[in-house]
Amino acid sequence: MKGGGRESSKGQNKINQWPNQEIFAKKTLDKLKEEVFSLANELVRWRRDFHAHPEIAFEEKRTAEVIYDFLRELALPVQRVAGTGLVAKIEGAKKGKTVALRADMDALPLQEEGEKPYKSLHPGATHACGHDGHMAILLATAKILARRKDTLPGRVVFIFQPAEERPPGGAVKMIDAGALEGVDAIFGLHLWQPLPTGSVGLVKGAMMANSDEFTLTVRGRGGHGSMPHQAVDPILAAAQIIINVQSIVSRNVDPLKPCVVSFGTIDGGTAFNIIPDEVRLRGTVRSFEAEVQALAEKRLREIAEQTAAAFGATSFLEYKRGFPALVNHEPAVDLVQEVATRIYGPDVVRIIKPVMGGEDFAYYLQKIPGAFFFFGAGDGCPFPHHHPAFDFDERALPAATLLLVSLALQYLAAPAF
């Protein structure tokens, strides 16, 4: 991936004609940078507190209380929604557009590895994806924007969302609770270990994939391992199904359209010398286009049934559609690109390839315009997202906050869409 890539578009041309450039005047921007970076130690402290007290999907009770108390100290009205979710608002002194900013709150059901002073205090749970940082960034953003309440031309909505890691996710519940009512645009960021600290990764259009889940049960007839001819071996059938399913991507899907079919678990049998009655396989299908998604499901079912039948077994497929593909709105990506460039220069901006991971921010973008983007935080941090030893470069926290604050200010001052 190369830095500095900038694409021209109608949206970009419109942004270049902003009527209000005052936000990025050197004196104003320098003052904002000083204000944001003065919160660097607080950002680290907040993030480490969240990290030490991780809570998994829809169990973010302590997390929600900490955030609620902080937002109330800022004199912001806060609404509890979707169980452990929170929505806070800043009503500007002048009428204008409404922009929403979102942070996810949940940790992963994972035992943390390694030693650090802020290591998880909760066995079997850890922030191994960066959500602890996302919450700290949004708290700092709220603190800075609250100071500008008397001059804001519009409204800012802060969405603290539970359960991003577990489908069907918390975004749908937040939307159903009215989190997007009256909102004109929404932005979200994700601290991203694969990118160098301080860089900004952008994708126009489909950025993250449909993330489907399946469970495949292969049934045979149990028997003694020494007499396989008297049994129908579901393990052998399952093994062949795994091999045959690889042809979906290599022979059924258009090679120019991304698709992934992966098996994650195999479960079956009780002893070394017993052929079991059944084997269960679990896996995931990732795609960007609806037709590819449908084709992969159809072929998975057909291949499983026909392969099992060839061995005298049967199969049953349970297929669950997960998060939809996350599709960014081009003018919103143009806005993020322009703001990031004006703050940090063109070298920090990277037009990257889409990612096959899933993200329930997609549901917000199905309702209103907006953009989701990656903020690099990988310097000195070798372990990837969802690894039990994952960590990120905390120097990214104030830098990402500055971008989010500036993005909200610019959108309200001169909405481009």
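The set of residues in region 188-212 that are crowded, with 23+ Cβ neighbours inside 10 Å and over 27 Å from VAL260 (Cα atoms) contains only SER199. State whether one or more residues within region 87-95 are within 17 Å of ARG155 (Cα to Cα), under 20 Å from the mean Cα position of the chain (by Cα), of a type in the set (A, V, I, L, M, F, W, C) and not in a loop (DSSP other than H, G, I, E, B). Scanning region 87-95 turns up at least one residue that is within 17 Å of ARG155 (Cα to Cα), under 20 Å from the mean Cα position of the chain (by Cα), of a type in the set (A, V, I, L, M, F, W, C) and not in a loop (DSSP other than H, G, I, E, B). Would a scan of region 17-37 turn up a residue that is at pLDDT 95 or above, outside any helix (DSSP H, G or I), over 30 Å from PRO331 (Cβ atoms) and not β-branched (Val, Ile, Thr)? Within region 17-37, none of the residues are at pLDDT 95 or above, outside any helix (DSSP H, G or I), over 30 Å from PRO331 (Cβ atoms) and not β-branched (Val, Ile, Thr).
Of all residues in region 143-163 being surrounded by 24 or more Cβ atoms within 10 Å (Cβ to Cβ) and among the aliphatic types (A, V, I, L, M), which is farthest from the chain's Cα centre (by Cα)? Result: VAL156.
Applying the selection to region 164-180, what residues are part of a loop (DSSP other than H, G, I, E, B), surrounded by fewer than 24 Cβ atoms within 10 Å (Cβ to Cβ) and at pLDDT 95 or above?
GLU165, ALA177, GLY178, LEU180
Filtering region 242-292 to residues that are out of contact with any Lys or Arg (no Cβ under 6 Å at 6 or more places or on another chain), within 17 Å of PRO324 (Cα to Cα) and assigned to a helix (DSSP H, G or I) leaves ALA290, GLU291. Here PRO234 does not fit the description of being in contact with a Pro (Cβ under 8 Å, 6 or more places away or on another chain), modelled with pLDDT of 95 or more, within 19 Å of ARG286 (Cβ to Cβ) and surrounded by 11 or more Cβ atoms within 10 Å (Cβ to Cβ).
Here LEU216 meets the list (1) free of Cβ contacts under 8 Å to residues at least 60 places away in the same chain; (2) farther than 22 Å from HIS386 by Cα; (3) crowded, with 22+ Cβ neighbours inside 10 Å almost entirely, failing just condition (1). Just checking, which of VAL183, VAL156, VAL203 is at pLDDT 95 or above, of a type in the set (A, V, I, L, M) and touching a Pro at 6+ places or on another chain (Cβ under 9 Å)? Just a single option satisfies the conditions, and that option is VAL203.
A Cβ distance below 9 Å, combined with a sequence gap of six or more or placement on separate chains, defines the contacts here; from region 393-407, residues that are touching a residue at least 40 places away in the same chain (Cβ under 8 Å) and in the same structural domain as LEU195 (by TED's automatic domain parsing) reach residues that are among the polar types (S, T, N, Q) and part of a helix (DSSP H, G or I) in the pairs THR401/THR141; LEU404/THR141; VAL405/THR141. Considering only residues that are in contact with a Leu (Cβ under 7 Å, 6 or more places away or on another chain) and surrounded by fewer than 19 Cβ atoms within 10 Å (Cβ to Cβ), look in region 379-415 and name the one that is farthest from GLY170 (Cα to Cα). The qualifying residue farthest from GLY170 (Cα to Cα) is PRO388. Surrounded by fewer than 23 Cβ atoms within 10 Å (Cβ to Cβ) and within 28 Å of GLY370 (Cβ to Cβ), is that true of ARG45? The answer is no for ARG45. I'd like to know if region 107-129 contains one or more residues that are aliphatic (A, V, I, L, M), touching a residue at least 60 places away in the same chain (Cβ under 8 Å) and not in a loop (DSSP other than H, G, I, E, B). Within region 107-129, one or more residues are aliphatic (A, V, I, L, M), touching a residue at least 60 places away in the same chain (Cβ under 8 Å) and not in a loop (DSSP other than H, G, I, E, B).
Under the condition of being in a helix (DSSP H, G or I) and under 16 Å from the mean Cα position of the chain (by Cα), which residue from region 340-365 is nearest to GLY130 (Cα to Cα)?
Applying the first criterion (in a helix (DSSP H, G or I)) to region 340-365 yields 340-344, 346-348, 362-365.
Right, trim to under 16 Å from the mean Cα position of the chain (by Cα) and you get 362-365.
On the way: ALA362: 18, TYR363: 20, TYR364: 20, LEU365: 21 Å.
Among those residues, the one meeting the criterion is ALA362.
For region 317-339, name all the residues that are part of a helix (DSSP H, G or I) and within 29 Å of VAL285 (Cβ to Cβ). Once the filter is applied, which keeps residues that are part of a helix (DSSP H, G or I) and within 29 Å of VAL285 (Cβ to Cβ), region 317-339 yields GLU330, ALA332, VAL333.
The values are calculated or read from the model by the stated rules, or taken from the named source; none is laboratory data. Since we're looking at a predicted model, the values are computed, not measured. Virtual Cβ from ideal backbone geometry, glycine too; neighbours counted across all protein chains shown.
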